[in-house]
1. Dipole size in debye (nearest 20) for the chain around its Cα centre, Lys and Arg Cβ +1, Asp and Glu Cβ -1?
2. So between R38 and A355, what do we pick up on full extension, going 0.36 nm a residue minus the alpha carbon distance?
3. List the lysines whose Cα sits under 27 Å from the Cα of K173, skipping any in the same chain fewer than 8 residues away.
4. For region 86-121 and region 297-354, write down the distance between their C-alpha centroids in whole Å.
5. If you consider only alpha-carbon coordinates, what radius of gyration and Dmax does region 305-436 have, in Å?
6. Choose one answer from P236, P306, P352: the residue with the largest mean-square fluctuation in a GNM of the chain with alpha-carbon springs under 10 Å.
7. Between A74 and T373, what length comes free when the chain is fully extended (0.36 nm per residue of separation minus the Cα-Cα distance, one decimal in nm)?
8. Compute the Kirkwood hydrodynamic radius of region 189-346, taking the inverse of the mean of 1/r over all pairs of distinct Cα atoms, and give it in Å to one decimal.
Amino acid sequence: MTVTMRALLGATALCAAAGWAQAETLTIATVNNGDMIRMQGLTEDFTAKNPDITVEWVTLEENALRQKVTTDIATKGGQYDIMTIGTYEVPIWGKQGWLVSLNDLPGEYDIDDLLPAIRGGLTVDGNLYAAPFYGESSMVMYRTDLMEKAGLTMPEAPTWDFIKEAAAAMTDKANEVYGVCLRGKAGWGENMAFLTAMSNSFGAKWFDMDWKPQFDQQPWADTLNFYLDLMNNYGPPGASNNGFNENLALFQQGKCGMWIDATVAASFVTNPKDSTVADKVGFALAPDKGLGKRGNWLWAWSLAIPAGSQKVDAAKKFIAWATSKDYLALVASKEGWANVPPGTRTSLYENPEYAAVPFAKMTLDSINAADPTKPTVDEVPYVGVQFVAIPEFQGIATAVGQQFSAALAGQTSAADALAASQDLATREMTKAGYIK
């Protein structure tokens, strides 16, 4: 053996003894929205503190993300060490034993600081199965200058009738200004998140107490017809292709009088780096129809570890970093308090600097107003505000979303879309054994 060879072997042994093991790589699947993109840009802060861990990102559009992570976890594919999932998946997957409990995150993480409404939606049988990166409800974002020009004043708690009146008054199609922008892109988490929350305020429900679908009932007809009327008369062209990101871009470009969507969008529409109307935005609670329910939802994009992962310890370190108080302070130091991920921690809303952000209180009020255990006007057998927390919902609502998006595109009528939705939902619920 040569001297050089001995030296190399000796160096290798020393490295091993010192614990200089090969870096562990975490593959993280996430959604392509602004807060997640910002997190990727700040990952160096994590890797600097954890030099033995590297991070690879798989960034996907919302519908594609949901499809891929669902397939992977159901088939035990093992593609991802951390998944970005939501308040719908966590209770179902946690109950099925598909996720790793996060109850043993370090003490300084302060699980008890998580907002009760958000933490509750991510907990099964006392186990926290995902850590919230940001929490949201939905609210009205509107152009204060256009509202003033129309001679109207947005109430803090508007009705749907006022929204229609304001949309009509603010629409100026010749100048590409549309009174209202709403989700039209098909998907259980796209147009159906909005329409399900909206339908709650109209007195509609997905299922009655015997799990029979309710699309053949008047409240759903009222919901869909009102939505189509609003969008066809006062919405942007091609709205059936618009989801969260598309409507965000339209609003930032000054093309929407009002946008009813996720509270998390508030920081993006008021950021002068990206929004041409940043200094002309007001906020109000999601609308109601006078029946005691507002059309707002409850959601948290959260980080979870699939059961069977070989990198649990490293994954927990990343999750503890990305959803911590320190991460919020990191974003604030670089982007300002208005741009920190909202809706997860009590301490954030107790922070005077954050409380001064114009949309902070409205976001918290909207989150606290959503009740997943009593989502509709009438009693229902399910929990979930803009979704129904059963495994079958994802497939059924995707198909219903396609029907409603086709109605918005003018490819079918509201009546036919509702009839088709009733048939397909009844068929699937019978097949799954809910209906005898």
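1. Here the chain has a charge dipole of around 520 debye.
2. Working it through step by step, the gained length comes to 111.9 nm.
3. Leaving aside lysines fewer than 8 places away in the same chain, those within reach of K173 are K149, K164, K185, K255, K273, K280.
4. 13
5. In Å, with Rg to one decimal and Dmax whole: 21.1, 58.
6. Of P236, P306, P352, the Gaussian network model singles out P352 as fluctuating most.
7. 105.0 nm
8. One over the average 1/r among Cα pairs gives 18.6 Å for region 189-346.
The values are calculated or read from the model by the stated rules, or taken from the named source; none is laboratory data. Quantities reported herein were computed from a predicted structural model and do not represent experimental measurements. Cβ coordinates were reconstructed from backbone atoms using ideal geometry, including for glycine residues, and neighbour counts include every protein chain displayed. The protein model used for the area step is the full one, side chains on, heavy atoms only, and it has no ligands, DNA or RNA in it. Shrake-Rupley method; radii C 1.70, N 1.55, O 1.52, S 1.80 Å.
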